1. Here is a check on your reading of the model: is residue B:277 of a type outside the set (Phe, Trp, Tyr), within 14 Å of chain A (Cβ to nearest Cβ) and open to solvent by 10 Å² or more (accessible area, probe 1.4 Å)?
2. Restricting to the stretch A:164-173, and then to whatever is under 9 Å from residue B:314 (Cβ atoms) and in contact (Cβ under 8 Å) with a residue 12 or more places away in the chain, can you tell me which residue is surrounded by the most Cβ atoms within 10 Å (Cβ to Cβ)?
3. The conditions are (1) at the interface with chain A (Cβ under 8 Å from one of its Cβ atoms); (2) within 26 Å of residue A:166 (Cβ to Cβ); (3) of a type outside the set (Lys, Arg); (4) surrounded by 16 or more Cβ atoms within 10 Å (Cβ to Cβ), and residue B:282 fails exactly one of them. Which is it?
4. Out of (1) open to solvent by less than 60 Å² (accessible area, probe 1.4 Å); (2) touching a Phe, Trp or Tyr at 6+ places or on another chain (Cβ under 8 Å), the odd one out for residue B:80 is which?
5. For the list (1) open to solvent by 30 Å² or more (accessible area, probe 1.4 Å); (2) touching a strand residue (DSSP E or B) at 6+ places or on another chain (Cβ under 8 Å); (3) away from chain A (no Cβ under 14 Å), I need the number of the one condition that residue B:463 fails.
6. Given the conditions (1) facing another protein chain (nearest Cβ under 8 Å); (2) modelled with pLDDT under 95, and given that residue A:154 satisfies all but one, which numbered condition is not satisfied?
7. Does residue B:86 qualify as being part of a helix (DSSP H, G or I) and not aliphatic (A, V, I, L, M)?
8. Filter the stretch A:174-197 for residues that are facing another protein chain (nearest Cβ under 7 Å) and touching a residue at least 12 places away in the same chain (Cβ under 8 Å) and give the result.
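The values are calculated or read from the model by the stated rules, or taken from the named source; none is laboratory data. This one's a predicted model, so the numbers in the text were calculated from it and none came from an experiment. Positions of Cβ are generated from backbone atoms using ideal geometry, with glycine treated the same way; all protein chains shown enter the neighbour counts. Heavy atoms of the whole protein, side chains included, go into the accessibility calculation; ligands, DNA and RNA do not. Shrake-Rupley method; radii C 1.70, N 1.55, O 1.52, S 1.80 Å.
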Amino acid sequence: MENVSTSALTPDTGHRSGRRRFAHAGIVLLVIGLFGFLYAAFAPSHSAATSSDPAIEQGRQLYLQGCSSCHGLNGEGGVTAPSLIGVGAAAADFQMSAGFMPLRNHTAEAERHEPAYDDTEIEQISAYIGSLGPGPAIPTNLDYQSAPLAFGGQLFRTNCAQCHNFAGSGGALTYGKSAPSLSSASPKEIYEAMLTGPENMPVFGDQQITPAQKLAIVNYVRTIKTSPNPGGAGLGRIGPVSETAVAWLVGIGVCVVITMWIGSKV
Amino acid sequence: MSSTTTDTPGTGGSSGADENVPAGEKATRATLKYVDDHFGSAGFLKRSMDKVFPDHWSFMLGEIALYSFVILLLTGVYLTLFFHASQHEVIYNGSYAPLRGVPMTDAYASTLHISFDVRGGLLMRQIHHWAALIFTTSIVVHMFRVFFTGAFRKPRTINWHIGVILMILAILEGFAGYSLPDDLLSGTGLRIAYSVAESIPVVGTYVCYFLFGGNYPGQDIIPRLFIIHVLLVPGILLALIGAHMMILWHQKHTDFPGPGKTENNVIGSKFYPTFFLKTNGFLFMVFGVIAALGAFATINPVWLYGPYSPGQVSAGSQPDWYILFLEGSLRMMPNWETHIFHHTISWNILIPGVIIPGLMFNLMALYPNIEAWATKDKGYHNLLDRPRDVPVRTALGVMSLTFYMILVIGGANDILATTFHWSLQAVTWVLRVLLIVAPPIAFKLTKRFCLGLQHHDEALLHHGVETGIIRRLPHGEYIEIEAELPPEKAEVLAKQIGYVGHSNGHAAITAGTNGHGSNGHATNGNGSGPKGGRLKRPVGLAETARARMEHFLTEEREPVPDAHAADHADEETPVH
């Protein structure tokens, strides 16, 4: 476009008539005008959002106060924070209700803490972020208890256990990052995490793991998390390392103390 | 060791023939008489019952291993009644809901069955597994005692070798048992074992195919491990434990130096009744500790791991503790590989998985022979060393333990990283550096520590105990009064330090301040018997190496600082 206009304005480019020159300029103006019109028609409009849904407007206000300093005034992202356009309401709902966002410190990964917003506020902010662009919506059907349990276990061991450990106790990733424990994750959070792939977690879209399969995984995780350990203390459910500590500190420790007691002269 | 005679002081009450015998004892006597009439066993029994065992608590550590082995046998028999060593696929239909309907091997299904549907099954499984951990830990603790006190020296070197074999067998036995349930965790461990065997150049692939009957996982490994676990290795363990204890019985137990103790006697309690009662009580207490662990602490929750599937793996997959050092060496090893003639040599597995453990176990087994060869020590040793009196050996032991400990910690690097919010890479790199740097530091520190303790002993002998009483001398100087050690304590200390090696024993200590600089020769860790001078002219390479080794192993006893000694000689005389 710039090329066109410069050539039109340069006097010695050729021997063109003044009329043609004007015609060129007219086309240029028309094209510019068309772009402007198209932009106005398709660009996200705040005024449009304001008028349609008060919850979204509420969310926008909260967003501007609490989130925009990093994520930008229109959710476009910044140097330290990703763009939120198109992440969907589910991602926002997950991050805030699990307490990862708002971020407390710039560490290797977000740390979980008490949610900063109440449920209504989270709903409003999520609705606003959902309105920024198409993305996964907050799941509504969470009737996981009727989903097949053992099948969920198989899916969990195939897709989740390599990072979150066999019992969802969490595990190490690279450079200080980790797959967190699922002990305090609510059914909705587990579902949303699969749907949106927070931090280093991959997205398990509905084409990879269907909603029904997701519910089965949720059922498995919630079941093993809420069921007691049939064998006594669970020792953190992290496998043989805690057993090692108990064997050395308690098992052989007590045995050696007994040895000293028996072996002491009376 | 027929030269060792058993003095029998200690408990004096030997059973005489009394007239008024209680009914219970009458019955016992009748039974014993019946047995004696048939076997002529009275003489043997009498000798055995009068056998004297020295009293020191650390001499009973090995019994923890013995008794946990007994518990392993008992609980293991119960488990075999319900376990199916088969890799045939079944659909689980038992009472653990989260796995119902899942296809799995019969081995895993029967382990679930034991855990949830057999009366007392889970308790038995957990006692069995905890007993296995206590068995292996107690073996290690027992070995600490034997190593650091020099109990492995002649004539007990062969028993040390048997002990090392027992330890290796215990590890193998544990690993085989841990693999039997065919759960996701143990299957991952077996996969690693397969790869370690595969990494051996030339023969690796053949060894794997031979062991597993084909490619991993196949159908054969669980039945094979079952026979190894319940018949082959326990049989060898039983035989070797028998040999280990018969040799102990025959050679008699070592003891620390002390009043009246020499290389040729054993002072302590008779086997019956004192030691017999102690050791039986001990059996029940060890059983109690292990049973309590089995009742109150979950171990190996196979139902959470899920059935083995080659396509799955869990974060934080670790083996039981006795394999953890191998896991650690594998995790810490840089990823080195060489490609020659279209073959890959996987140094990244060969070194940490085969070479390092091979070196560790061989050095451990041969240490007594190396030490005896280097120091030309051919004497019989029935009196133990105190760790401080053999600083280099003690330091070598601590150095090896440090190396081992870092390997063990390395096996849990991801658990450390998540627990303490550290970077996994940082943990691994710190441990890599420590693996090389920490053992020499541990050696140096331990040696220094031992020398310091020696110093303290010598100071006690030469200066006595500090009383805390300050006296002012006529010319104004203040001194602290030092009380002499009680003579029996001084004698024990002198023996422990090793002065008794000399014929003039105690005299050497009191001889004065200039004497003990030259005492190093007598105290270089082998209190008894004269040894060849260590500066003999070396002949040939082997002899040079031996002489250098001896020089390294033999640490001169450091003299007490002269200033103190001078004090002692001149000015403190009026105080005494």
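1. Yes: the conditions hold for residue B:277.
2. A:166
3. Going through (1) at the interface with chain A (Cβ under 8 Å from one of its Cβ atoms); (2) within 26 Å of residue A:166 (Cβ to Cβ); (3) of a type outside the set (Lys, Arg); (4) surrounded by 16 or more Cβ atoms within 10 Å (Cβ to Cβ) one by one, residue B:282 breaks only (2).
4. Residue B:80 satisfies every listed condition except (2).
5. (1)
6. In the conditions (1) facing another protein chain (nearest Cβ under 8 Å); (2) modelled with pLDDT under 95, residue A:154 misses (2) alone.
7. So residue B:86 does not fit the description; no.
8. A:175, A:176, A:178, A:179 - these are the residues of the stretch A:174-197 that are facing another protein chain (nearest Cβ under 7 Å) and touching a residue at least 12 places away in the same chain (Cβ under 8 Å).
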